[in-house]
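The values are calculated or read from the model by the stated rules, or taken from the named source; none is laboratory data. This one's a predicted model, so the numbers in the text were calculated from it and none came from an experiment. No Cβ is skipped: glycine too gets one built from the backbone with ideal geometry, and neighbour counts run over all protein chains shown. Heavy atoms of the whole protein, side chains included, go into the accessibility calculation; ligands, DNA and RNA do not. Shrake-Rupley method; radii C 1.70, N 1.55, O 1.52, S 1.80 Å.
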Amino acid sequence: MDSFPHPEDNEPNEEVYNQWHVEVTMGIDELRAMYGVFDYAYQTWPGAPRRPLEEQEYLRYMKNRLFAMILEYNLDHQ
């Protein structure tokens with residue numbers, strides 16, 4: 001991926017959003033595992049200039065989105 005969608009963008013970036021997309025259905029255990037992968041990647045991110053700064057922002061963004069999904073599941077299934 002050449003560019004990451006910017007997390008704070010309110011307007012969709014047409015160049016990014018006109019690319020191929022996929023939808024995935026998974027259970028809570030898979031979601032928690034995916035969160036763990038993003039958390040680990042974010043915690044061990046080697047930093048710029050080895051990796052693009054946008055990658056760190058994207059990892060944090062995805063980690064927060066996955067965490068929100070887990071919280072929603074926890075609230076709905078108490």
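How many residues does region 16-32 hold that are closer than 28 Å to residue 76 by Cβ and either open to solvent by less than 70 Å² (accessible area, probe 1.4 Å) or of a type outside the set (Val, Ile, Thr) (or both)? Outline the logic, then answer.
Taking region 16-32 and keeping what is closer than 28 Å to residue 76 by Cβ, we get 21-32.
Imposing the further condition that a residue be either open to solvent by less than 70 Å² (accessible area, probe 1.4 Å) or of a type outside the set (Val, Ile, Thr) (or both) reduces the set to 21, 23, 26-32.
Looking only at that region, the number is 9.
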Please list, ordered by first then second residue, the pairs with beta carbon atoms under 8 Å, 6 or more apart or interchain, first in region 66-78 and farther than 12 Å from residue 28 by Cβ, second of a type in the set (Ser, Thr, Tyr) and not in a helix (DSSP H, G or I). none
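If you check 61, 42, 73, 35, which single one turns out to be of a type outside the set (A, V, I, L, M) and open to solvent by 70 Å² or more (accessible area, probe 1.4 Å)? Even if it seems obvious, please write down each step before you answer.
On the way: 61 fails: open to solvent by 70 Å² or more (accessible area, probe 1.4 Å); 42 fails: open to solvent by 70 Å² or more (accessible area, probe 1.4 Å); 35 fails: open to solvent by 70 Å² or more (accessible area, probe 1.4 Å).
None of the other options fit; the residue is 73.
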